[in-house]
Amino acid sequence: MATVTTRPMTADEFFAWANHPENQDRLWELERGEVVEMPSPGELHGILCGFLAHLLWSYVLRRGRGGAVSSNDTGLLVEEGPDTVRGPDLMLFDESLPLDQLSRKYTRRIPRLVVEVRSPTDQPTKMTKRAGQYLVRGVPLVWLVDPEVRSVTVCRSDRFPRVLDETDEITGEDVLPDLRFRVAEFFTLPGSPS
C-alpha cells in the first residue's frame, strides 16, 4: 500500500480527490487524514463478497421489516479529526431509507453489522485493527470472514472475539436476533461441488 498525501485530508476532501478521473479506477481509503491505496483483492474475494451480500439481502427481505445491505467498499466514516474512512466489504443497516435520502458520499450512519472478507494481502493484525475501529465507532457486531481456512471471527466490544468454523452456526446474537446461518453456507456457492 502506498501513502500518497503529505497533509491530512478531511473526509470531504478525500471524496473529491478519490473521484478525480485519474483516481477513479483504483481503491482508496483514508487513514487518519492520509490517503492509502488498497490493492485489488481478486476474484475469490469479489465472488465471496457478492454471495454474502446475497445472503444478507435475503435475510433483510425475509424478515420483512426494512433494512439495507451495502457492498463494494461503500465508505464508512469511522473516525474524525483526523478523519478515517474505511471501505467495509459489507454493511447491514437495520433501517431502510428512500434512495433520495442516502448519502452521495460516505455514510455516517452506524450499521448493525460489518463484514470484512480477508483478501490475499490482508494480515490478521490489519483485520483486527479494522474490526476495532468499527467497534469503537459504535458498530455492535463485526464478522471477519477468512476464506482460506473457512472460518468467521465474531467481534463484539463487550466480549473476546470468537472463531467459528464450518461446523458452527453463526447468528446475529442480540444485535440481529433472527439472523442465522451455518458457517459452511458462506463457503458453498450455489451449484458448486462441496
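Full extension of the chain between PHE160 and TRP17 gives 47.7 nm of extra length, using 0.36 nm per residue less the Cα-Cα distance. Between ASP165, ASP146, ASP25, the Gaussian network model of the chain with springs among Cα atoms under 10 angstrom shows the greatest mean-square fluctuation at ASP25. Taken along the Cα-to-beta-carbon direction at a fixed 7 Å, the label points for VAL175 and GLU37 span 3.3 nm. Rounded to whole numbers, the Karplus 3J(HN,Hα) couplings from phi for region 149-158 are 10, 6, 9, 9, 9, 9, 10, 9, 6, 9 Hz, using 6.51 cos²θ - 1.76 cosθ + 1.60 with θ = phi - 60°, and x at Gly and Pro. If the segment from THR167 to HIS54 were pulled out straight at 0.36 nm per residue, it would be longer than the present Cα-Cα gap by 38.6 nm.
Sorted ascending by nearby beta carbons within 10 Å, beginning with the fewest, THR74, THR84 become THR74, THR84.
Each of PHE160, TRP28, PRO177 was placed along the dipole of the chain (beta-carbon charges, centred on the mean Cα), and the one lying farthest toward the positive end is PRO177. Computed from Cα positions, the angle between helix 124-137 and the longest principal axis of the chain comes to roughly 80 degrees.
Computed from Cα atoms, the angle from the helix 43-63 axis to the main principal axis of the chain rounds to 70 degrees. Sorted ascending by nearby beta carbons within 10 Å, beginning with the fewest, VAL152, VAL175, VAL183 become VAL175, VAL183, VAL152. Beyond 25 Å, the tail of the calculated P(r) for region 40-186 holds 22 percent of the Cα pairs.
Laboratory data are not the source of any read-out in this text; all were calculated from the coordinates shown. Computed from a prediction, not measured in an experiment: that's the story for all the values here. Cβ sites come from the backbone with ideal geometry, for glycine too, and all protein chains shown count toward neighbours.
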